[in-house]
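Engineer: Got a structure here, written out as structure tokens. Questions coming.
Every number here is computed from the coordinates shown, using simple stated rules; none is lab data. Computed from a prediction, not measured in an experiment: that's the story for all the values here. Quick reminder, even Gly has a Cβ in these numbers, built from the backbone with ideal geometry, and neighbours come from all protein chains shown.
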Amino acid sequence: MLTTERHQLIIDEINRRETVTLQELINLTHSSTSTIRRDLSQLEQRGLLKRVHGGATQIAKRHEERNMTDKELRFQDEKQEIARLAASLIADGDTIYLDAGTTTLEMIPFITQQDIIVVTNGLTHVRPLLDKGIPVYMTGGEVKSTTFANIGVNAVKSLERYRFDKAFIGMNGIDLNYGLSTPDPNESEMKEKAIHLASQVYVLLDHSKFNEVSFAEVTYEKSIELLTSEKAIQTISNFDQFKEKYNINGGL
């Protein structure tokens, strides 16, 4: 097989599946490990993919974001692991902020604490919280069609009325040089405001969010804790550097 044909096969497979392992590409192209490693290095240099531990993944545009349905299908077991860990940190009587997103949504079935109040900007979160008998306050503002999140000036204004014991924040990317980020500046502003209003802040990140940089930075001036999974700990090659820079709690 010609190099150009092999490269096209690799790109097509990654675009179809988003993430592929080294062994899958070896089987697909009937090539040696050294050949595929060299191919991935060349394609990464051309900006056509991103190498990860044990394979490669699709490069997402910094300002684009998957819709809620697509997100729900990605890394479900891992998100449940992180969600279970996050929910265990809630105490009876807490007032909490649940950011919009699929990992924070996964927290709700694991919440068993009593006498808590939840504020959220996630439309998808309201019904399951009410079904559990948990009082819910919804932020105002524009509804984002892809993530069903309240965003914008009115959403930020409505959030300013509250104070939280704990905030659980979703994030699209974390990078050692560029910090936390998300594709939408409006969502970034909501996350920053929630972080400012909470006594304790937990950012929920599956392994795919590490070494990723999205369009809008999320800044903060207080200590935060990152909640992640065993998979992230095991597969992120520079995870120890993240651990030194951020307060990380991961794996059950």
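Engineer: Please give the helix 76-87 orientation as an angle from the longest Cα principal axis of the chain, in degrees from 0 to 90, rounded to the nearest 10.
Structural biologist: Once rounded, one gets 30 degrees.
Engineer: Still on this structure: Could you give the angle, 0 to 90 degrees to the nearest 10, between helix 3-17's Cα long axis and the longest principal axis of the Cα atoms of the chain?
Structural biologist: Its long axis makes an angle of about 20 degrees.
Engineer: Starting from 0.36 nm per residue, how many nanometres of slack lie between Gln114 and Leu2 once their C-alpha separation is accounted for?
Structural biologist: Taking 0.36 nm per residue and subtracting the Cα distance, the gain is 34.0 nm.
Engineer: Modelling each spin label as a point 7 Å along the Cα-to-Cβ direction, I'd like the Glu13/Arg51 distance in nm, to one decimal.
Structural biologist: My value for the distance between the label points is 1.7 nm.
Engineer: Here's another thing I want to ask about it. Work out how much length Gln80 to Asn154 would gain on full extension: take 0.36 nm times their residue separation and subtract the Cα-Cα distance, in nm to one decimal.
Structural biologist: 23.5 nm
Engineer: Now for a different question. Using a Gaussian network model on the chain with a 10 Å cutoff between Cα atoms, which of Gly101, Gly170, Gly47 fluctuates the most?
Structural biologist: Gly47
Engineer: Under 5 Å between amide H atoms, partner at least 5 residues away or on a different chain: which partners does Ile248 have, H built in plane at 1.01 Å?
Structural biologist: Amide H to amide H, under 5 Å and 5 or more residues apart or across chains, Ile248 pairs with Leu226.
Engineer: Distance between the C-alpha centers of the range 147-161 and the range 217-252? Whole Å please.
Structural biologist: 27
Engineer: Is there a pair in Lys166/Lys209; Lys79/Lys193; Lys79/Lys166; Lys132/Lys222; Lys79/Lys245 whose C-alpha atoms are over 27 Å apart, and which pairs would that be?
Structural biologist: Lys132/Lys222
Engineer: Determine the relative contact order of the range 68-250: mean sequence separation of Cα pairs under 8 Å and six or more apart, normalised by residue count, in whole percent.
Structural biologist: Normalised by residue count, the contact order of the range 68-250 is 20 percent.
Engineer: Relative to the longest principal axis of the chain, what angle (0 to 90°, nearest 10) does the C-alpha long axis of helix 185-197 take?
Structural biologist: Helix 185-197 and the main axis of the chain meet at about 50 degrees.
Engineer: Something else now. Roughly what % of DSSP beta bridges within the chain run antiparallel, to the nearest 5?
Structural biologist: 40
Engineer: Once phi is turned into ³J(HN,Hα) by the Karplus curve 6.51 cos²θ - 1.76 cosθ + 1.60 with θ = phi - 60°, what whole-Hz value does each residue of the range 225-232 show in order, with x for glycine and proline?
Structural biologist: So the J values, rounded to whole Hz, are 10, 8, 10, 9, 10, 4, 4, 4.
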